[in-house]
Amino acid sequence: MLVTCKIDLTTMIERKAQQAFSEIDNEIIMLHIEKAEYFNLDIIASCIWKFIDSPKTFKEILTMLVDTYEVTFSKCKKDTEEFLITLYQEDLITFNNA
């Protein structure tokens, strides 16, 4: 199911409740219980997942990543937006455009 959505810097990103996941060697393994699908997140994606343990704005996520990793803001914004949209389409997170 392809869902279109818009993210801006003020969009609040939040994990869906009751997501089963575990951390192994700094990477997150998630199980989407309703779909019986699992997801393996790399180190940077896992960093984002851990960071959104409480609702965060897209800008807060980008700031954390740029401060942590050697990446330009524009590259980080593009890649992170794509990743978050994928999580949204998989029904693992929610967006709230206030």
> Is there a residue being surrounded by 17 or more Cβ atoms within 10 Å (Cβ to Cβ) and in a strand (DSSP E or B) anywhere in the range 32-41?
Replying inline: yes
>> Looking at Ile85, Ile13, can you tell me which residue is of a type outside the set (Phe, Trp, Tyr) and part of a strand (DSSP E or B)?
In response: Ile13
> buried (at least 17 other Cβ atoms within 10 Å of the Cβ) and of a type in the set (Lys, Arg) - does that describe any residue in the range 58-68?
Replying inline: no
> Cys76 is checked against (1) surrounded by 18 or more Cβ atoms within 10 Å (Cβ to Cβ); (2) touching a residue at least 24 places away in the same chain (Cβ under 8 Å) and fails just one. What number does that condition carry?
Replying inline: (2)
> With respect to Lys35, is the statement that it is in contact (Cβ under 8 Å) with a residue 40 or more places away in the chain and among the basic types (Lys, Arg) true?
Replying inline: yes
>> I'd like the full set of residues that are in contact with a Phe, Trp or Tyr (Cβ under 8 Å, 6 or more places away or on another chain) and either free of Cβ contacts under 8 Å to residues at least 24 places away in the same chain or loosely packed, with under 15 Cβ neighbours inside 10 Å (or both), limited to the range 79-93.
In response: none
> Has the range 13-22 got at least one residue that is surrounded by 13 or more Cβ atoms within 10 Å (Cβ to Cβ) and closer than 15 Å to Cys76 by Cβ?
Replying inline: yes
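Considering only the range 2-25, I want to know if a residue exists there that is among the β-branched types (Val, Ile, Thr), out of contact with any helix residue (DSSP H, G or I) (no Cβ under 9 Å at 6 or more places or on another chain) and within 20 Å of Glu81 (Cβ to Cβ).
no
Every read-out reported here was derived from the displayed coordinates using simple, explicitly stated rules and does not represent laboratory data. Predicted model, so just to flag it, every value in this text is computed and none were measured. All Cβ positions, glycine included, derive from the backbone under ideal geometry; neighbour counts span all protein chains shown.
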